[in-house]
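Throughout, read-outs are computed from the coordinates displayed, never taken from laboratory work. Just so it is clear, the structure is predicted and the values come from calculations on it, not from any experiment. Positions of Cβ are generated from backbone atoms using ideal geometry, with glycine treated the same way; all protein chains shown enter the neighbour counts.
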């Protein structure tokens, strides 16, 4: 089983270049923006905003808060699609056709794929947390706890997304991973809309869509454990469903 995990990680090696590039770029851009917020153009724009000399609808520092929130999540997001990429690599290399000849059970092969998911998502989470720690030293816009909450929430969402992808691949025997991504995203979007329908309607009626985004970020910062619990449930269900269907020869891995 360890060999399967190593094989998956080797198939995903192209992601390393993107991951390193995104991580370094995010750090440099964010640090430059934070320095500007202290003694550069953003600081001057903030002073002008507070003095009432501009008609900007939002404080420059507040806008920077949104930007920093996105930047700290980019390293994790860059490797968030490792599951379908691993399936694509198997399909392109023809590995799926010979997987049944391995001296491993289907359940072990499914387990190996989930371990690969945890390793890649865990790596992105750790790097984003380290980046959060460094950035928290440069700014008082967000604390390390706020950064960590965002990262852990994002990691939970990626795991939920991947759990849905795994079930769709086996349950519907979907071989086109683009369809798997789209359907998984639609399911998550539908659940989000249903859970937040009251807030969405209230924000639209009050003509304050920005407040909806702000509330969403605050939820991610402070309620990450809710998403983590949901991710744990989704992963357990996905594992047993995927393993059960694969053992009935309705799927390939």
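When only Cα pairs under 8 Å and 6 or more residues apart are kept, what is the percent relative contact order across segment 2-247? Can you show the working numbers first?
Working: 216 pairs, mean separation 59.7, N = 246.
So the answer I get is 24 percent.
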Exercise for the section: Please give the helix 106-136 orientation as an angle from the longest Cα principal axis of the chain, in degrees from 0 to 90, rounded to the nearest 10. Expected result: 20
Handout entry: Degrees separating the helix 177-195 axis from the principal Cα axis of the chain, which is the longest one
Key = 50
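Could you tell me which of rounded, prolate or oblate describes the chain, using a ≥ b ≥ c as the square roots of the eigenvalues of the alpha-carbon gyration tensor, with rounded for a/c under 1.5 and, failing that, prolate when a/b is larger than b/c and oblate otherwise?
On the way: a/c = 2.87, a/b = 1.86, b/c = 1.54.
It comes out prolate by the Cα gyration axes.
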Handout entry: Rounded Å value of the spacing that divides the Cα centres of segment 1-40 and segment 118-168
Key = 12
Practice task
Obtain the nm distance between the two label points defined at residue 92 and residue 118 by a simple spin-label model: each point lies 7 Å from its Cα along the Cα-to-C-beta direction.
Solution key: 2.8
Handout entry: Inter-probe distance in nm under a simple model that places probes 7 Å from Cα toward Cβ, at residue 197 and residue 29
Key = 3.6
Completion exercise
Between residue 47 and residue 213, the FRET efficiency computed from the C-beta separation at R0 = 22 Å comes out, to the nearest 0.05, as 0.30
Handout entry: Fluctuation leader among 104, 12, 217 - the chain, Gaussian network, Cα springs under 10 angstrom
Key = 104
Handout entry: Helix 41-50 vs. the chain, principal-axis angle (Cα, 0 to 90°, nearest 10)
Key = 60
Problem - Sorted peptide list for 147-158, 24-35, criterion being average Cβ within 10 angstrom, highest first - result: 147-158, 24-35
Completion exercise
Calculated from DSSP helices alone, with each H run of at least 4 adding -39500 (n - 2.57) and the total divided by the residues of the chain, [θ]222 nm to the nearest 500 comes to -27000 deg cm²/dmol
